[in-house]
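Just so it is clear, none of the values below were taken in a lab; they were calculated from the coordinates. Being a predicted model, the structure only gives us computed values, none of them experimental. All Cβ positions, glycine included, derive from the backbone under ideal geometry; neighbour counts span all protein chains shown.
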Amino acid sequence: MARVSRFTLADRQEAVARAFGGSESPATVATALGIHTTTLYRWAGSSATDEPGPAAARLIEATQELLRDADYADITIESVALRCGLAPRTAFHHFPTKRELFQAAVDDAATVLIARIHEKSAAATWPETPLEQLQTFLRIAAASIYDTPRTHVLFRNLGVPRSEGSAERWHDSFVDAIAQLLRSAVEAGQICSDTDVFAAAHLITGTMRGIHSAVFEGVDADTALGLVERVHLLIPPR
């Protein structure tokens with residue numbers, strides 16, 4: 001069964017106070033509690049440390065948290081309800097099936113991530129050439145992902161049945177965006193005209209996915225961003 005949180009609202013409030021208002025560092029507090037550091041940041045900015053929010057939002061957040069330590073098959077609606085202090089009947093009222101709850105958790109993460117990418121894209125200075133635009137796009141996407149801990153559900157292999165893999169919609173959109181930039185690079189003469197654009201887009205997406213997965217497993221985000229800056233070089237120039 002999925003791991004059930006042993007942390008009450010008071011426990012979370014105390015942990016946030018220790019990590020951000022005392023002499024202990026977030027990493028020290030996280031290690032002492034046996035949680036990931038990003039969980040503390042999520043608690044600090046979450047309604048979980050204040051008044052409980054809407055039931056559906058709490059269930060979605062609890063699902064995202066449980067998926068850090070468990071797979072799709074391990075989680076039950078009852079365990080999610082217990083995690084966020086709701087009655088199982090309330091959880092089933094909002095999400096009659098686990099598939100619907102999981103899809104809501106993934107869709108929420110993707111929606112928030114897309115909004116962050118749009119915000120950063122609007123504020124960025126974009127180069128004129130397609131390959132450099134691709135480099136900028138990948139950097140913005142990665143920075144947005146690392147700023148949004150809930151997006152880990154988009155990059156971990158959670159053991160979801162293929163028919164229920166709603167996270168794939170996000171990856172398909174990412175592949176399409178990269179492919180469009182690569183087509184522009186072909187037209188601009190930056191890469192060879194016989195480049196298999198779709199295969200190259202999948203290669204870049206897979207590389208990015210691996211880097212992101214490593215970050216959510218504890219690799220330093222700045223180190224990852226340094227690698228992301230070079231991912232576009234996987235496509236040989238003309």
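Some notes on this structure:
- Distance between region 71-140 and region 167-236 - C-alpha centres, whole angstrom: 20 Å
- Our coupling estimate for region 225-238, obtained by passing each phi through the Karplus curve with A = 6.51, B = -1.76, C = 1.60 and θ = phi - 60°, is 4, x, 6, 4, 4, 10, 4, 5, 6, 5, 8, x, x, 5 Hz, Gly and Pro reported as x.
- Protection proxy ranking for 189-196, 94-101, using the average of other Cβ atoms within 10 Å per residue and placing the highest first: 94-101, 189-196.
- Sorted on the mean count of surrounding Cβ atoms within 10 Å across their residues, most packed first, peptides 217-223, 177-183, 114-120 read 177-183, 114-120, 217-223.
- The amide H of Leu67, built 1.01 Å from its N in the peptide plane, has no neighbour under 5 Å, considering only residues 5 or more places off or on other chains.
- For the peptides 73-85, 123-135, 55-67, residues were scored by their other Cβ atoms within 10 Å and the scores averaged per peptide; the highest-first order is 55-67, 73-85, 123-135.
- Rounded if a/c under 1.5, otherwise prolate or oblate - region 74-195, Cα gyration tensor axes: prolate
- Taking amide H as placed 1.01 Å from N in the peptide plane, Ile191 has its amide H under 5 Å from the amide H of Val186, Arg238, each at least 5 places away in sequence or on another chain.
- With the alpha-carbon atoms of region 48-113 aligned to their principal axes, the span from lowest to highest coordinate is 24, 24, 21 Å, starting with the largest.
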